[in-house]
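Remarks on the structure that follows.
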């Protein structure tokens, strides 16, 4: 009986020591791939920004009464005039730059390369294209109020000099005469004269008068333009 107790005691102590060794081993275990994993992610997070190229847009040789918008790749990025140019930073690659002076638009395709400064001046193109454009006028809208037809006329001068523009606005119409109840046909017209500066648009309103009557029906006004 006395021998059995010590043996059981020694076995219990041995089990406790074995368990302690196992626990210690698990606590001190190190993943050999943890540092490699961290370094890999650190390397992946490094990103480089796209290269930018300096570009200047100008119209130094073209006189415009107002600032002209600069459009880069279908997006307005600023404006220029004869004394002020526009500095931009663009990414490397192909781009399209455009400037419009009223109804005249010019554009240029450019290629941006690192280390190369771009200077785009539209003066010569604007002079050439504006010289081709002809002064014109158009009827924007018309509204009838009783026996009066109000007409808005827009005069457009895309040239590089001031001009005098005159327009004849006429309109045919029909009506029933108040006295005779007979359907009549007639026309009304009016002349408007306007001085238009180079590169400007001006809207002028005028009234056309119909004869007294009822059931008035009218055609859309027509315009004849003369430039002096």
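Can you list residue pairs whose Cβ atoms sit under 9 Å apart, with the first residue in region 104-133 being touching a residue at least 40 places away in the same chain (Cβ under 8 Å) and the second being buried (at least 18 other Cβ atoms within 10 Å of the Cβ) and in a helix (DSSP H, G or I)? Count only pairs 6 or more apart in sequence or on different chains.
Note: pairs meeting the criteria are 104/126; 104/130.
Name the residue, out of 151, 120, that is in the same structural domain as residue 94 (by TED's automatic domain parsing) and in a strand (DSSP E or B).
Residue meeting the stated conditions: 120.
Looking only at residues that are touching a residue at least 60 places away in the same chain (Cβ under 8 Å) and within 30 Å of residue 130 (Cβ to Cβ) in region 171-219, which one is surrounded by the most Cβ atoms within 10 Å (Cβ to Cβ)?
Among them, the one singled out is 199.
The values are calculated or read from the model by the stated rules, or taken from the named source; none is laboratory data. Keep in mind that this is a model prediction, so the values were computed, not measured. Quick reminder, even Gly has a Cβ in these numbers, built from the backbone with ideal geometry, and neighbours come from all protein chains shown.
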